[in-house]
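Everything below concerns the one structure shown next.
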Amino acid sequence: MRCVDVIKGADVIAGYTVYVDLIKGFIDGKEVIATTMKKEVDRVKAAVETALTGKKVALVSSGDPGIYAMAGLALEIIKEKGVSARRPGCGAPEEGSLTVEVVPGIPALSSGGSLLGAPLTHDFACVSLSDLLTPWELIEKRLNAVAEADFVMVIFNPKSKKRNWQLNKAQEIALKHRSGDTPVGIVKSAMRDAQDVTIVPLKDLHEADVDMLTTVFIGNSASEGYLDFMFTPRGYGKKYDLKS
């Protein structure tokens with residue numbers, strides 16, 4: 001896998017302490033830049049400054065680095081510093097410049113979706129409920145637009161100890177536009193040791209066990225629950241005979 005090759009080939013590993021611990025088997029003997037939650041800017045600045053010394057730096061995120069993760073912040077800091085950067089294969093970097101590769105990963109919407117079955121086989125939208133960096137007014141505007149347009153809603157960062165009301169508000173908004181029996185997939189710690197997968201009706205979402213390691217999938221008007229699965233028909237049943 002490309003991500004493993006990059007990590008093994010790096011001189012320095014940078015990342016949130018929890019994610020660095022997850023890959024400790026690959027990074028023995030390497031220099032590590034690890035910071036706690038809410039120290040993302042410090043961590044990425046240190047990674048960029050270290051890379052400018054000529055070392056190969058792997059900035060580690062969970063899921064996919066470009067989806068609610070560090071790839072965007074890294075490019076933003078590179079731009080603000082006025083550093084010349086290019087993609088791999090675009091020629092050798094000049095002195096004082098960087099080659100930047102964003103290695104794709106598996107985001108929670110894909111890993112969680114696979115555990116549920118197939119909730120995202122039609123149009124969907126992702127919304128983070130974290131208002132640490134985005135004003136709640138804008139988040140609520142997006143929730144209303146997504147719910148009204150009948151997208152499957154993938155909710156990231158649904159609840160924490162301090163942010164304990166936002167998911168209830170998202171539920172309230174969704175209920176204005178779809179049935180209380182709409183299936184909602186709740187995936188906690190997807191593909192990790194504490195993994196848990198449940199499906200509840202939208203009307204009961206406020207009673208579900210949800211935290212920051214949970215991804216919530218609110219179905220659209222066509223989404224269905226069947227046995228242990230949640231899926232969203234794409235429309236084949238309206239055009240073809242699926243029984244015979």
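Just so you know, all these numbers are worked out from the coordinates, no wet-lab data involved. Everything numeric in this text was worked out from a predicted model, so none of it was measured. Here the Cβ is made from the backbone with ideal geometry for all residues, glycine too, and neighbour counts use every protein chain on show.
Specify whether the C-alpha gyration tensor of segment 108-231 places it in the rounded, prolate or oblate class, a ≥ b ≥ c being the square roots of the eigenvalues: rounded for a/c under 1.5, otherwise prolate if a/b is larger than b/c and oblate if not. Oblate, because a/c is 1.5 or more while a/b does not exceed b/c. Averaging Cα coordinates gives a centre for segment 160-227 and one for segment 1-69; these two points are 31 Å apart. With 30 Å as the limit, the listed pairs Lys45/Lys161; Lys188/Lys243; Lys39/Lys159; Lys162/Lys203; Lys39/Lys169 have Lys188/Lys243 beyond it between alpha carbons. The Cβ shell under 13 Å around Thr53 holds other residues with a net charge of -2, Lys and Arg each +1, Asp and Glu each -1.
When a/c is below 1.5 the answer is rounded, else prolate if a/b is larger than b/c, else oblate, so apply that to the chain with a ≥ b ≥ c taken from the square roots of the Cα gyration tensor eigenvalues. Prolate, because a/c is 1.5 or more and a/b exceeds b/c. The residues packed around Met70, meaning those with a beta-carbon under 11 Å from its beta-carbon, carry a net charge of -2 if Lys and Arg are +1 and Asp and Glu are -1. Helical runs assigned H by DSSP (4 residues or longer) give the chain a calculated mean residue ellipticity at 222 nm of -8500 deg cm²/dmol, each run adding -39500 (n - 2.57) before division by the residue total. The ranking of Cys126, Cys90 from fewest to most other beta carbons within 10 Å of each one's beta carbon is Cys90, Cys126. With a cut-off of 10 Å between beta carbons, the residues surrounding Leu132 carry a summed charge of +2, where Lys and Arg count +1 and Asp and Glu -1. Given their separation in residues at 0.36 nm each and the Cα-Cα distance between them, Thr198 and Val32 gain 56.1 nm when the chain is fully extended. Helix 40-51 sits at what angle to the longest principal axis of the chain, using alpha carbons and giving 0 to 90 degrees rounded to 10? Tilt relative to the chain: about 40 degrees. Note the angle between two axes, namely the Cα long axis of helix 70-81 and the longest principal axis of the Cα atoms of the chain, as a number of degrees from 0 to 90, rounded to the nearest 10. It is inclined by approximately 40 degrees.
The alpha carbon convex hull volume per residue for segment 189-239 rounds to 104 Å³. In degrees, nearest 10, range 0 to 90: what is the angle between the Cα axis of helix 136-148 and the longest Cα principal axis of the chain? Approximately 50 degrees, to the nearest ten.
Please state the shape class of segment 1-114: rounded when a/c is under 1.5, otherwise prolate if a/b exceeds b/c and oblate if not, all from the C-alpha gyration tensor.
rounded
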